[in-house]
Structures are given as structure tokens and as C-alpha cells.
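One structure is given here, and the rest of the page talks about it.
What follows draws every value from the coordinates through simple rules; no lab data is involved. Fair warning: this is a prediction, and the values are worked out from it, not measured in the lab. Backbone-built Cβ (ideal geometry, glycine too); neighbour counts: all protein chains shown.
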Amino acid sequence: MHSSPLTALCPAVAETRTPVPYPYPGSPHPNTQQYPQPYLRSKGRSSRGLAMSFTLPGDVRSALIGRTAIAAALKAHALAPYIWPTTLAATELIAVTARMSPGKELYVSLRHRDDALRLLVWDQHPHHPEPDVATLCESRRRRALWLLAAVVDDWGGEWGACEAGLPQRGTKAWVLLPR
């Protein structure tokens, strides 16, 4: 079986070819400075804190979009110390979840409450009824998130992944970073 960096991580997902991340093979990575940055303005200090959510296409290229939007929101809400670990966590979670369920939408949620930041990425990856396949799938997801685990541990946070509760289907992966 041919394996490329863009194939699905889950052993149960049929091998599908995903588009090349850039228009032409061998083309340089795009300059992120050429893309417009989102403009988010805080309406002052809200007692509720930062709360944002958005949906992204299930494509590894969505990681740049999520990272940019999250960085802008954190900056707008005067949470600059969180920018580096949160954008790294978002990039890792979005890229891995996009590979777990290629072509299916991802839901991203970011909340700041009680001096902690919570990032959630929900994908539509189905639960596997066969225990061996489920175990292999979960271990591949965790191995793919090794960098996320190291950063979250270094910041004294927590992270995990679990099956989404009803009525939703799929997997929720989350990160909690304390102040």
C-alpha cells in the first residue's frame, strides 16, 4: 500500500487521493504574508471572555486558516501569551483530524474562561465497532499528536480525544491551557 503524508491515518478509511497541497508539484510553499489577515476587534473586556467557533473543510490546508483566525482572536482579546501554544495546538489538531476524516468538515471552538483557554476540534470520524481497528485508529491519532502532547505538557495543560456524545457522531479532541 502506498503511503503519502496526505493519506488518511485511520486504517478503516479507504485510501483516497487528496489534492496536492499547492497547485503545482515542486512549487514553493505559499508566503503566508500575501494572504489577508482576519480583522477581529474586541468589544472591550467582556465578563464572558473569548468565545469563537467556526467550521473548516476537512483538508490539511485548513490548518493555516484555523491558525490565523485563532491568532487574530487571541490578539484581539489581549491573550497574546497564549498565541504560540494555542496556534501550534490548533495546527496539529486540525491537520490530524483532517487526515482522520478527509473531505469531511471540522468544527473548531475556542473559549477563554476562568483563566484557562480551551480549544476543541471535532471531526466526523466514525466510531469503529471492531475493537482491534478502534485501538489501532486511536493509537495512530495519539502518535500523530506527539508534538501537541509535548507542548501542552510543557505549558502545564491537558489534552485528550474522545468519542462525541449523541446526537453528534465523530471524535472530539481538546486542549486545556491554564493561565
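The table below lists the values:
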| read-out | value |
| --- | --- |
| Whole-Hz ³J(HN,Hα) from phi, Karplus 6.51 cos²θ - 1.76 cosθ + 1.60, for the range 77-93, glycine and proline x | 9, 6, 10, 4, x, 7, 4, 4, x, 6, 5, 5, 4, 5, 4, 5, 5 |
| Sequence-distant residues sharing a close amide H with Leu106 (under 5 Å, placed H) | Leu56, Gly58 |
| HN-Hα J in Hz across the range 129-137 - Karplus 6.51, -1.76, 1.60, θ = phi - 60°, x for Gly and Pro | x, 7, x, 5, 5, 4, 5, 5, 4 |
| Surrounding net charge for Trp122, when Lys and Arg each add one and Asp and Glu each subtract one, Cβ distance under 14 Å | +3 |
| Formal net charge of residues neighbouring Asp59 (Cβ-Cβ distance under 11 Å; K, R +1; D, E -1) | +2 |
| The range 120-179, Rg to Rh (Cα coordinates; Rh as Kirkwood inverse mean 1/r) | 1.02 |
| Amide hydrogen neighbours beyond the local backbone of Ser101, cut-off 5 Å, H modeled | none |
| Backbone HN-Hα couplings from phi across the range 154-163 [Karplus 6.51/-1.76/1.60, Hz, Gly and Pro as x] | 4, 8, x, x, 9, 8, x, 9, 8, 5 |
| Other-chain or far-sequence residues with amide H under 5 Å of Arg169's (modelled H) | none |
| All-pairs alpha carbon distance profile, the range 46-135, 5 Å steps from 0, percent | 3, 14, 25, 20, 15, 11, 7, 3, 2, 0 |
